[in-house]
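Visitor: Here it is, the structure, as structure tokens.
Readers should treat all values here as calculations from the given coordinates under stated rules, not as data from a laboratory. Since this is a predicted model, take the numbers as computed values, not measurements. Reconstructed Cβ throughout: ideal geometry from the backbone, glycine too, with neighbour counts over all protein chains shown.
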Amino acid sequence: MDQYVDFWNLMAYDYVWSGSPQTGHQANLFPANDSSTPFDTLTAVNYYISKGVAPQNIVLGIPIYGRAFDSTAGAGSPFVGVGPGTWELGIYDFKELPLIGAKEQFDSKLGVSYSYDATKREFISYDNIEMVNQKAAWIQKSGLGGAMWWESSADALGSKSLIRSVYLALGGQDGLGLEMTSNRLAYLDSTYANLRAGMLDSESASESTFESTVSAASSSTTTGTVTLTTIITTRTVTVFKSQAN
């Protein structure tokens, strides 16, 4: 497949979630020697490369949100519930983290950051500035193609922005090449009423599902038809290429 695509967006997050058997890290770079996470990014990247994907075609996905686990002693321990979240149970936008009363931690050996509130016994796994800087350095060291995020509306502003931090770490210059204005899409002629209305924010926006049919021709001129079902929202993903040779 590598010869037919420009790049691969590797969703290197959601390694744990509300349905996991225990608390864990959701986007750790490296494997753990304990039960704190079932997966890791290094193993995933190496697997793609072993199957013929060129490293420079891999774009590393970075989460701009945290996954919460309540009534827990921490990573590798049982939990009960996931908390209210920002817009979904158990999911907090990065710009709200760490929560008041929580202590933030960074572990470069495992490649994780998280917060823990000992009083509330709440653990939240998310990438902070230190963590994304480590990932940016690892992207360059590994010769990967760059980074992408889910999703930009959850990012903080200014010097606290994860996207800005990775952009600068990969060789970008402040004030050049990075658009910081809010995303506002206008589809005034759309078939769908919610798109015509503007979908102004994630709270008021409803989602619309549509199907589109795409014809793809291979090098042997064999034609196939693929039907895609897509959810439209105003949320965006941004990609930056690394400066690795």
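Visitor: Kirkwood hydrodynamic radius, region 84-160, all distinct C-alpha pairs: what's the number in Å? Each step should come with its number before you reach the end.
Guide: Numbers: mean 1/r = 0.0729 Å⁻¹.
Averaging 1/r across every pair of different Cα atoms and inverting gives 13.7 Å.
Visitor: Turning to a different aspect of this structure: With θ taken as phi - 60° and the coefficients 6.51, -1.76 and 1.60, list the Karplus ³J(HN,Hα) couplings across region 110-127 in order, rounded to whole Hz; mark glycine and proline as x.
Guide: Using θ = phi - 60°, the values come out as 8, x, 9, 9, 6, 10, 9, 9, 5, 6, 7, 6, 10, 10, 10, 9, 7, 8 Hz.
Visitor: In whole Hz and in residue order, list the ³J(HN,Hα) couplings for region 137-145 that follow from phi through the Karplus curve 6.51 cos²θ - 1.76 cosθ + 1.60, θ = phi - 60°; x for Gly and Pro.
Guide: 5, 5, 4, 5, 4, 8, x, 6, x
Visitor: Return the inverse of the average 1/r over all pairs of distinct C-alpha atoms in region 45-188, which is the Kirkwood hydrodynamic radius, in Å to one decimal. Before the final figure, lay out the partial values.
Guide: Values: mean 1/r = 0.0601 Å⁻¹.
Roughly 16.6 Å, rounded to one decimal.
Visitor: Can you list which of the chymotrypsin sites (Phe, Trp or Tyr not before Pro) found in region 1-35 are DSSP loop residues with at most 15 other C-beta atoms within 10 Å?
Guide: Values: sites: Tyr4, Phe7, Trp8, Tyr13, Tyr15, Trp17; in loops: Phe7, Tyr13, Tyr15, Trp17.
Passing both the DSSP loop test and the Cβ count: Trp17.
Visitor: Give, as a single signed number, the net charge of other residues whose beta carbon lies under 10 Å from the beta carbon of Tyr116, with Lys and Arg counted +1 and Asp and Glu -1.
Guide: The answer is 0.
Visitor: Starting from the amide H of Trp150, placed 1.01 Å from N in the peptide plane, find each other amide H under 5 Å away whose residue is 5 or more places distant or on another chain.
Guide: The list, which skips near neighbours in sequence, is Ile62, Ile64.
Visitor: While we're here: Looking only at region 113-141, which residues have a backbone nitrogen under 18 Å from a spot 7 Å from the Cα of Leu178 in the C-beta direction?
Guide: What the label zone holds, given the 18 Å backbone N cut-off, is 127-140.
Visitor: Most exposed first by the Cβ proxy, i.e. fewest other Cβ within 10 Å, how do Thr43, Thr37 rank? Present the calculation step by step, with values, prior to reporting the outcome.
Guide: Details: Thr43 10, Thr37 24.
Ranked by crowding around the Cβ, least crowded first: Thr43, Thr37.
Visitor: Something else now. What is the fewest-to-most order of Glu130, Glu179 by other Cβ atoms lying within 10 Å of their Cβ? Could you put the intermediate results ahead of the total?
Guide: Values: Glu130 15, Glu179 6.
Placing the least packed residue first, the sequence is Glu179, Glu130.
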